[in-house]
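First the structure, in the form of structure tokens, and then the observations on it.
The values are calculated or read from the model by the stated rules, or taken from the named source; none is laboratory data. What you are looking at is a predicted structure, and each value in this text was computed from that prediction instead of being measured. Positions of Cβ are generated from backbone atoms using ideal geometry, with glycine treated the same way; all protein chains shown enter the neighbour counts. These area figures cover heavy atoms from the full protein model, side chains too; ligands, DNA and RNA do not enter into them. Shrake-Rupley method; radii C 1.70, N 1.55, O 1.52, S 1.80 Å.
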Amino acid sequence: LLKGSPVESARLRRCKEEKLFGVQFASNQIEEGLSAINLLQQSDGTRADFVDLNCGCPIFDVTRRGLGSSLLRSPKKLHKLVKGLVDGSELPITVKIRVGCESDTINVLENVQAIREAGAAAITIHGRTAQQGYGKDADWQLIERAVIESREEGYGHVPIIGNGDILTHYEARRRLEDTGVHSVMVGRG
């Protein structure tokens, strides 16, 4: 996007029927992220309502550059990045994460706390580690723990959105009722 790619610029087009429009990007640098947000705000006819920082992408080409789910390895660095974007943007910043990067380092609760304290408007949690990719069942118990902990710590105002293994509207309703998430995100399903 920052290099002027027409393919990336085309993704900024907002359909006139869209009542809510957000743009997701990956970055590990505050200034780079703010430059992208600035382009969004200047884009003709787009005017995004929010920006989502993708810290959940497990693809090697993304993680080898320190983007996507590799950011989950350090809650302190993630906090600093999100705080910088929140403080420097007029648009609400949401963050998508996974329960961890590697399967032996599940640190979703620490990352959720870091993101909440940085001022994010919402957090989406995919119930798998980056190492698991899209295999195995999503761990909705961990997502539920994040919701419970957020309420206990007085952060109920930061919505948590659950993601993973939602293939039907019945599954979406069940996840909403069973876990207390504020919403669900449907991805590949």
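Things worth noting here:
- By accessible area, using a 1.4 Å probe on protein heavy atoms only, the chain has 49% of its surface on carbon and sulfur.
- Surface exposure of the range 47-189, expressed per residue as accessible area with a 1.4 Å probe, stands at 49 Å².
- For the range 85-189, size of Cβ-based charge dipole, Lys and Arg +1, Asp and Glu -1, in debye: 380 debye
- Shape class for the range 96-189, computed from the alpha carbon gyration tensor (a ≥ b ≥ c): oblate, with a/c not under 1.5 and a/b at or below b/c.
- Value of [θ]222 nm, deg cm²/dmol, for the chain, DSSP H segments ≥ 4, -39500 (n - 2.57) each, nearest 500: -11000 deg cm²/dmol
- Beta bridges per DSSP, both residues in the chain: antiparallel share near 5 percent.
- Environment charge of residue 178, counting only residues whose C-beta is closer than 12 Å and scoring Lys/Arg +1, Asp/Glu -1: 0
- Pairwise label distance in nanometres, residue 170 with residue 103, each label 7 Å out on the Cα-Cβ vector: 3.0 nm
- Taking each residue as 0.36 nm, the span from residue 186 to residue 60 lengthens on full extension beyond its C-alpha to C-alpha distance by 43.1 nm.
- Pairwise FRET efficiency - residue 177 versus residue 41, Cβ, R0 = 35 Å, nearest 0.05: 0.40
- Within-11-Å neighbourhood charge of residue 69 [Cβ basis; K, R +1; D, E -1]: +3
- Contour minus Cα-Cα distance for residue 117 and residue 9 (0.36 nm per residue): 35.7 nm
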